1. Against the globular-protein guess of 2.2 N^0.38 Å, express the Cα radius of gyration of the stretch 141-198 as a ratio, rounded to two decimals.
2. Quick one: of the DSSP bridges fully inside the chain, what percent are antiparallel, nearest 5?
3. Which value at 222 nm does the chain reach when only helices count, each DSSP H run of 4 or more adding -39,500 (n - 2.57), with the total divided by all residues and rounded to the nearest 500 deg cm²/dmol?
4. Which of the listed residues, Ala355, Gly288, Ala34, is farthest toward the dipole's positive end in the chain, when Lys, Arg count +1 and Asp, Glu count -1 at the beta-carbon?
5. Within the stretch 275-383, which chymotrypsin sites (Phe, Trp or Tyr not before Pro) sit in a loop by DSSP and count at most 15 neighbouring Cβ atoms inside 10 Å?
6. Which of the listed residues, Leu61, Gly88, Ile76, is farthest toward the dipole's positive end in the stretch 21-98, when Lys, Arg count +1 and Asp, Glu count -1 at the beta-carbon?
7. If you average 1/r over every pair of different alpha-carbon atoms in the stretch 196-341 and take one over that average, what Kirkwood value in Å do you get?
8. Given a cut-off of 18 Å, name the pairs among Lys70/Lys93; Lys2/Lys70; Lys125/Lys166; Lys93/Lys184; Lys184/Lys213; Lys21/Lys70 whose C-alpha atoms lie farther apart than that in the structure shown.
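Coordinate-derived values only; no laboratory data. Fair warning: this is a prediction, and the values are worked out from it, not measured in the lab. Cβ atoms come from the backbone with ideal geometry, glycine included; neighbour counts cover every protein chain shown.
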Amino acid sequence: MKLHEYQSKDLLESYGVPVPKGRTATDADTARQAAEALGGKCVVKAQVLMGGRGKAGGVKLFDSAEEAAKFAGELIGKRLVSIQNPDGMIVEKVLVSELVDIAEEYYLSVLLDRATQQLVVMISKEGGMEIEQVAHDKPEAIVRLQVNPAWGLADFEVRDAVRAAKIPGPAQRQMVGMIKSLVKAYIESDGDLVEINPVAWTPEGKLIAADAKVSIDENALFRHPEYDETKDDAADDPLEAEATRRGIAFVKLDGDIGIIGNGAGLVMCSMDEVKAAGGQPANFLDVGGGAQAERVKSCVELCLMNKSVRGLLINIFGGITRGDEVAKGILEAFSTLDVNIPVVARVEGTAAEEALKLLEGTQIVGASTMQEAAQKIVALAYA
């Protein structure tokens with residue numbers, strides 16, 4: 001789960017990482033007060049969990065508290081759209097932060113290397129740009145330091161890595177301390193990623209985390225109740241954010257055949273069958289075991305919120321889940337929604353016969369096997 005920039009900086013600051021002064025605001029008056037506290041010179045940043053905020057018009061520098069407040073007022077409530085997120089996200093909060101005078105920019109991150117099953121620290125003198133671009137253009141500019149889980153990081157290893165990254169001598173000692181703090185923050189916060197880009201080296205000789213990204217393992221969120229509100233809007237895609245709010249396991253994909261199933265394995269098999277039949281899955285959606293009619297209705301609604309969907313496949317195997325309950329949910333959803341796309345349902349297992357009887361005479365096409373259901377929905381959707 002991604003944290004907002006202000007949350008990321010607050011977390012890093014609690015581990016001793018220097019960050020710019022600043023505060024969040026949800027209205028123009030609060031933004032004005034925050035800017036005045038910084039002497040009027042500040043940067044206002046939209047707090048949305050999407051890439052490309054700057055290019056989308058969500059980041060701007062100011063010399064005046066009045067101008068900063070005016071911009072914040074215009075930004076809050078606005079939908080920002082970027083290349084990375086074409087659907088956009090609504091700005092509910094901004095960060096008003098002090099301007100950092102930057103002499104040089106470096107890059108620093110901690111993440112999991114799944115190949116070695118160890119944490120890896122990535123250091124580069126080429127900060128301020130996408131690390132993927134640096135890796136493509138100048139791979140030698142990135143130094144990787146593995147963190148052995150048995151004994152952690154030795155000081156000499158960190159010093160050697162910082163020197164190998166060609167971090168200038170005056171900044172090296174501070175960089176070593178920052179790396180150790182980031183590794184500790186990553187471990188203790190159950191991180192997936194901790195990234196500072198850029199690490200700003202100021203003319204006064206100080207390293208500051210000018211921008212920060214932190215992502216936390218969703219499976220560990222029970223240990224971090226302070227982020228309960230953030231998890232609702234942590235998804236990059238608005239549909240995934242809505243699914244999180246509804247407590248539905250959902251991943252949006254690039255295709256146009258909506259898929260609903262109960263159990264991750266069955267949903268993935270359904271996706272494979274749709275692909276084999278010539279279609280493209282629009283999503284992964286697991287109803288979950290014991291799904292009741294209201295939950296099934298909510299899942300159907302979620303799939304149909306994706307305007308790219310041109311057909312819907314519902315594949316249910318009744319074990320814990322009763323087929324007739326699923327059928328009731330489908331019918332309830334269709335009675336309240338304007339569904340003008342083909343729908344194919346395959347129901348097997350507990351109360352499957354009752355389910356099929358409930359669906360008789362409706363616009364829902366039945367199928368006896370998963371393969372037949374996939375072939376039918378692809379044929380109907382692309383007819």
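1. After normalising by residue count via 2.2 N^0.38 Å, the value is 1.12.
2. 75 percent
3. Helix-only estimate at 222 nm: -11000 deg cm²/dmol.
4. In the chain, that residue is Ala34.
5. Loop-located and lightly packed - Tyr382.
6. Working it through, the farthest residue towards the positive pole turns out to be Gly88.
7. About 17.3 Å for the stretch 196-341.
8. Details: Lys70/Lys93 14 Å; Lys2/Lys70 28 Å; Lys125/Lys166 7 Å; Lys93/Lys184 29 Å; Lys184/Lys213 15 Å; Lys21/Lys70 20 Å.
The pairs that break the limit, which is 18 Å between Cα atoms, are Lys2/Lys70; Lys93/Lys184; Lys21/Lys70.
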